[in-house]
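Visitor: Got a structure here, written out as structure tokens. Questions coming.
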Amino acid sequence: MSSNVRTFVFAATLCLICGILLTSASEGLKARKIENVILDKQKNILKALNLIQANQKMTRDNVIQTYNDNVQDMVVDKTGTLVAASGNDGLPVFVYKKEDTIKGYAMPFEAQGLWSLVKGFISLDGDGKTVKGFTVYSHGETPGLGGECDRPWFQNQFKNKSIID
């Protein structure tokens, strides 16, 4: 067998083995990946509602417990009514209640940046008039410029601002 044929056989075998390993890892970790996406969403909602600090380290269980104790998943239906999210179509709203009093609302947003969509959550106080918090969890903006939107110093400038007169 010539050296060129052996080189191509080696390369093809290596590609096949690596492809099988990567596919196995991807499929084997799919459930964990989905759990991490949900956990990241919950953590960003908690940050927007000021229930945790931006740089606060929390375990997976602490995030889930804090979220379940404080936040209700709801939707605004076609009539503009806030209803339970289970099985209802509409715009998602995450309600922070304490002792049957609504303390805040968090809503997802998508806005066009210069290079990509900027995705995050904005929350309002229970009065629905004042910004409680703001987080960005996904963007493709230039680091050092638009990429600063995910930094606490940028996000904190919106807190306590009134959205209506």
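Visitor: Keeping all protein chains in the complex and leaving out DNA, RNA and ligands, what accessible area do you get for Y105 with a 1.4 Å probe, in Å² to the nearest 10?
Guide: Surface accessible to solvent at Y105 totals approximately 50 Å².
Visitor: Let me ask another. Once you put a point 7 Å from the Cα of V83 and another 7 Å from the Cα of I163, both along the Cβ direction, what distance in nm separates them?
Guide: Roughly 2.2 nm, to one decimal.
Visitor: Here is a further query. For L22 and K57, what is the calculated FRET efficiency with R₀ set at 25 Å and r taken between the beta-carbons, to the nearest 0.05?
Guide: Details: r = 31 Å, r/R0 = 1.23.
Using R0 = 25 Å, I get an efficiency of 0.25.
Visitor: Helix 60-70 versus the longest principal axis of the chain: what is the Cα-based angle in degrees, 0 to 90, to the nearest 10?
Guide: 30
Visitor: List the residues, sorted by chain then number, that are 5 or more residues from K97 or on another chain and whose placed amide H is less than 5 Å from its amide H.
Guide: Those qualifying (amide H under 5 Å, at least 5 residues apart or on another chain) are Q72, K103.
Visitor: If only Cα atoms are counted, what is the Rg of the stretch 1-86, and what is its Dmax, in Å?
Guide: 23.3, 75
Visitor: Rounded to the nearest 0.05, what FRET efficiency do I34 and D100 have when you use their Cβ-Cβ distance and R0 = 30 Å? If you can, show how the numbers build up before the last one.
Guide: Numbers: r = 33 Å, r/R0 = 1.09.
Efficiency for this residue pair is about 0.40.
Visitor: Sticking with this one: Out of A11, A85, A54, any idea which swings most in a Gaussian network model of the chain, alpha carbons joined below 10 Å?
Guide: So, out of A11, A85, A54, the one fluctuating most is A11.
Visitor: I've got another one for you. Answer with a single label: of (1) 22.1, 82; (2) 19.2, 60; (3) 17.8, 52, which was calculated as Rg and Dmax of the Cα atoms in Å from the structure in view?
Guide: (1)
Visitor: Report, by chain and number, residues whose modeled amide H sits under 5 Å from the one on S116, excluding near sequence neighbours (fewer than 5 apart, same chain).
Guide: G140
Visitor: List the residues whose amide H sits under 5 Å from the amide H of I52, counting only those 5 or more places along or on another chain, with H placed 1.01 Å from N in the peptide plane.
Guide: K47
Visitor: Right, something else. Could you give me the ³J(HN,Hα) list for the stretch 158-165, computed from phi with Karplus coefficients 6.51, -1.76, 1.60 and θ = phi - 60°, whole Hz, x at Gly and Pro?
Guide: Using θ = phi - 60°, the values come out as 8, 4, 6, 8, 7, 8, 9, 7 Hz.
The values are calculated or read from the model by the stated rules, or taken from the named source; none is laboratory data. Computed from a predicted model, the values in this text were never measured in an experiment. Note that we place each Cβ from the backbone using ideal geometry, even for glycine, and neighbour counts take in every protein chain shown. Just so you know, the surface numbers come from the protein's heavy atoms only, side chains and all, with ligands and any DNA or RNA stripped out. Shrake-Rupley method; radii C 1.70, N 1.55, O 1.52, S 1.80 Å.
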